[in-house]
1. Which of the residues spanning the stretch 261-279 are under 13 Å from residue 125 (Cβ atoms) and either modelled with pLDDT under 75 or crowded, with 17+ Cβ neighbours inside 10 Å (or both)?
2. Taking the condition within 12 Å of residue 63 (Cα to Cα) and free of Cβ contacts under 8 Å to residues at least 40 places away in the same chain, does residue 49 pass?
3. Scan the stretch 145-161 and give yes if some residue there is over 20 Å from residue 69 (Cβ atoms) and either polar (S, T, N, Q) or in contact with a Ser or Thr (Cβ under 6 Å, 6 or more places away or on another chain) (or both), otherwise no.
4. Among the listed residues 36, 59, 25, which satisfies the condition of being in contact with a His (Cβ under 9 Å, 6 or more places away or on another chain) and of a type in the set (Val, Ile, Thr)?
5. In the stretch 103-116, how many residues are touching a helix residue (DSSP H, G or I) at 6+ places or on another chain (Cβ under 9 Å) and crowded, with 16+ Cβ neighbours inside 10 Å?
6. Restricting the stretch 122-150 to residues that are without any contact (Cβ under 8 Å) to a residue 24 or more places away in the chain, of a type outside the set (Lys, Arg) and exposed (fewer than 14 other Cβ atoms within 10 Å of the Cβ), which is nearest to residue 201 (Cα to Cα)?
7. Answer yes if at least one residue in the stretch 175-187 is over 24 Å from the mean Cα position of the chain (by Cα), assigned to a helix (DSSP H, G or I) and touching a residue at least 12 places away in the same chain (Cβ under 8 Å), and no otherwise.
8. Which fully enclosed helices (runs of 4 or more DSSP H) of the stretch 212-280 have 2 or more residues being in contact (Cβ under 8 Å) with a residue 12 or more places away in the chain and more than 29 Å from residue 12 (Cα to Cα)?
Amino acid sequence: MTTLSVVVPAFNEAELIGQCLDGLVKQTRAIDEIVVVDNGSTDGTAAIVDSYVNDHNNVTRVVEKEPGVIHARRCGFDFATGDVIAKTDADSLVAPDWAERIVNFFDSSVGSEFAALTGLVLCWDGPSRGLQHKLMTMTLGRLAEGGTIGGLGGPNYAVRNSAWKEVSDTLQTDPDTWEDLDLSLALSEAGYKMYFDPGLQVDASCRQLRHSPWQNRSYISGGVRTAARRGNDLAVKALRIQRPFRFVGFTAMWLLFRPWDHEKRNWRPHRLLTPGEASASGDECPSFRPVIGSPASRLSSLAKVGSRRPVSLWVVRLRCRPALTHRLCRYAQRPTLNLGRRRPDGRVRVTFRRRIATDS
């Protein structure tokens, strides 16, 4: 029977790595080897993983000092000993039968023709998983029942160890590479086929989708760069055609996921006007920048974050009366504010008298 190794790259994932590993060690079919690649974490990630290492014989932690998911993945895949190597992310939750479906596929007569397997990726911290699944399956078309596919999904794929060893030396190491696309193109160029199973499901975090399309512009163009560096002109042409549609898709997903509060299970529209949360690396993501001079931009950018003293600012040209400022402040949860008299030039003085938070 096929043996399975699972690789989980992790950098400063102390908050989420535990729930990821819980899902991996509680599979309906035990995973033969779980390799967590610590990519130089400075928080409690290593200690949490080591606790699983002590409690589970199939869990191992290895360290990759070269930063970046590309290097961490390569380290884990090269370390793995299973016949098939699967990859998921430290912020992702795999379905209980994830490992079983992977092994059963590669042991089947259909699976013998394929070198890699991938499946659906949904968001566990987004709104209505059922709605997400419905919308996703509606777009599958001929793949609704599974079939040959041209690419792998980053937190949800598995590849034969033998195929990995054959193509690994051709893979790129540039940090802005789409590592899953790079691997997909390498497999295709080597004559391997990939299969899509809609029942193979992983729930990833939507935190990347909470960054505005402008912040994600480099990432959105990463597919073209990846294909161009491989000299795959056909893929470059296809990805250039897809790029504007991908940008529109990211915009729609940002509008859906950025205001969503997973803990309170509701939308908070003010989040569209406030800076994004810190990324997994601990760096603050670039803040969303509304149109300069708009009331929203003044409220979000001129308020001094964290100040306990009254903070005053001018909201320029409030054309819709001071009532709008009340609503904006209520959405943004700015308590105890005073509105001054409306001036002839249309300006209103706004004073906050408590700590101001850009997000909550």
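The values are calculated or read from the model by the stated rules, or taken from the named source; none is laboratory data. Note that the structure is predicted; figures quoted are calculated from it, not measured. Reconstructed Cβ throughout: ideal geometry from the backbone, glycine too, with neighbour counts over all protein chains shown.
1. Once the filter is applied, which keeps residues that are under 13 Å from residue 125 (Cβ atoms) and either modelled with pLDDT under 75 or crowded, with 17+ Cβ neighbours inside 10 Å (or both), the stretch 261-279 yields only 277.
2. yes
3. Within the stretch 145-161 (the criterion being over 20 Å from residue 69 (Cβ atoms) and either polar (S, T, N, Q) or in contact with a Ser or Thr (Cβ under 6 Å, 6 or more places away or on another chain) (or both)), the answer is yes, since at least one residue qualifies.
4. The match here is 25.
5. Number of matching residues: 6.
6. Across the stretch 122-150, the extreme among qualifying residues is 130.
7. no
8. 222-229, 233-257
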